[in-house]
Amino acid sequence: MEIPRSGPIYICIMALRTILHYPDPRLRQVAKPVPVVDDTVRQLVDDMAETMYAAPGIGLAAIQIDIPMRVVVIDISETRDQLQIFINPEITRQDGKQVFEEGCLSVPGIYDEVERARHVRVKALDRHGVPFEIEADGLFATCIQHEIDHLNGKVFVDHLSRLKQSRIRKKIEKQERLAM
Ligand code: GNR
Ligand code: NI
């Protein structure tokens, strides 16, 4: 039997990806700029969004799923329906300072205060490769800076003291051992 149809068939295959955990050395890679925003990149963006929403988190950088490309997704809305995509993001202006308590999907269970710029202007490409520029402050500004850090091989714990870093590393390694 044949199922009648008109128009194209869209098959949506998204995938949950595994998030790397600190101190995995793969989180230290400096991600490469995306040369062309094609369907492969859009597929990556969709997988990243699915992974971020499932976690759940308010942001995700491709490097966290072991793809060293300059791709970030963010959704800071309470309704979880305001996905923002940043391909090759760059901070073009920043001013002020603010302290936020941060967490990271790659550093599960650890939260600490980090000082960052209060206000940033970011330029990036959207999912069609079209450039845009936006201004961010508050949690949004902190989140964008946190994600751009990831693209440069940096994790939020790098902003903390050496003592805190070594405690965090031990705690995570212990958690991973117990999880085996
Ligand atoms: O889910 C996340 N929450 C968060 C809270 C405060 C500051 C930054 C973040 S980002 C984090 C998701 C993540 O790890 N992105 O890389
Ligand atoms: Ni993070």
Compute the distance in nm between two label points, each set 7 Å from the Cα along the Cα-to-Cβ direction, one at Glu133 and one at Ala54. 3.8 nm
Å² of accessible area per residue within the stretch 1-116, as computed with a 1.4 Å probe and no ligands counted: 60 Å²
Once Lys and Arg are counted +1 and Asp and Glu -1 for all other residues with Cβ under 15 Å from that of Ala49, the total becomes -3
Can you list residues whose amide H is under 5 Å from Arg118's amide H, if they're 5+ apart or on another chain and H is modeled 1.01 Å from N? Asp95, Gly96, Lys97, Gln98
Principal axis extents for the chain, Cα atoms only, whole Å, descending order, please. 66, 44, 32
Once neighbouring chains are kept in place and the probe is 1.4 Å, which whole percent of the accessible area of the chain is contributed by carbon and sulfur? 54 percent
Quantify how much of the Cα-Cα distance distribution of the stretch 71-149 extends past 18 Å, in percent. 42 percent
Hz values of 3J(HN,Hα) by residue in the stretch 73-84 - Karplus curve (6.51, -1.76, 1.60), Gly and Pro given as x: 10, 9, 9, 9, 6, 5, 7, 6, 9, 10, 5, 10
Using 0.36 nm per residue, how much length does the chain from Asp24 to Arg42 gain when fully extended, once their Cα-Cα distance is taken away? 3.9 nm
Full-extension gain in nm, Arg80 to Gln94, via 0.36 nm per residue minus C-alpha separation: 2.4 nm
Rounding to the nearest 20 debye, state how big the charge dipole of the chain is about its Cα centre with +1 on each Lys and Arg Cβ and -1 on each Asp and Glu Cβ. 780 debye
Quickly work out the Ile13-to-Glu115 label distance, labels modelled 7 Å from Cα along the C-beta direction, and quote it in nm with one decimal. 5.0 nm
Per the charge dipole of the stretch 111-150 (beta-carbon charges, Lys/Arg positive, Asp/Glu negative, Cα centre), the residue among Leu139, His128, His150 reaching farthest to the positive end is His128
Amide H partners (placed H, <5 Å) of Asp112, local residues excluded: Glu102
Size descriptor, Kirkwood hydrodynamic radius, that averages inverse alpha-carbon separations across the stretch 105-180, Å: 14.5 Å
Go through the stretch 89-105 residue by residue and turn each phi into a ³J(HN,Hα) via Karplus (6.51, -1.76, 1.60, θ = phi - 60°); whole Hz please, and just put x for glycine and proline. x, 9, 7, 9, 8, 8, 8, x, 9, 8, 10, 10, 7, 10, x, 8, 4
From the helices alone, meaning DSSP H stretches of at least four residues, give me the mean residue ellipticity at 222 nm for the chain, per-run term -39500 (n - 2.57), in deg cm²/dmol to the nearest 500. -9000 deg cm²/dmol
At 0.36 nm per residue, and after removing the present C-alpha to C-alpha distance, how many nm does the segment from Lys174 to Ser161 gain when stretched out fully? 2.7 nm
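The values are calculated or read from the model by the stated rules, or taken from the named source; none is laboratory data. Treat the numbers as computed from the prediction; the structure is a model and nothing was measured. All Cβ positions, glycine included, derive from the backbone under ideal geometry; neighbour counts span all protein chains shown. Ligands, DNA and RNA are excluded from the accessible area calculation, which covers all protein heavy atoms including side chains. Shrake-Rupley method; radii C 1.70, N 1.55, O 1.52, S 1.80 Å.
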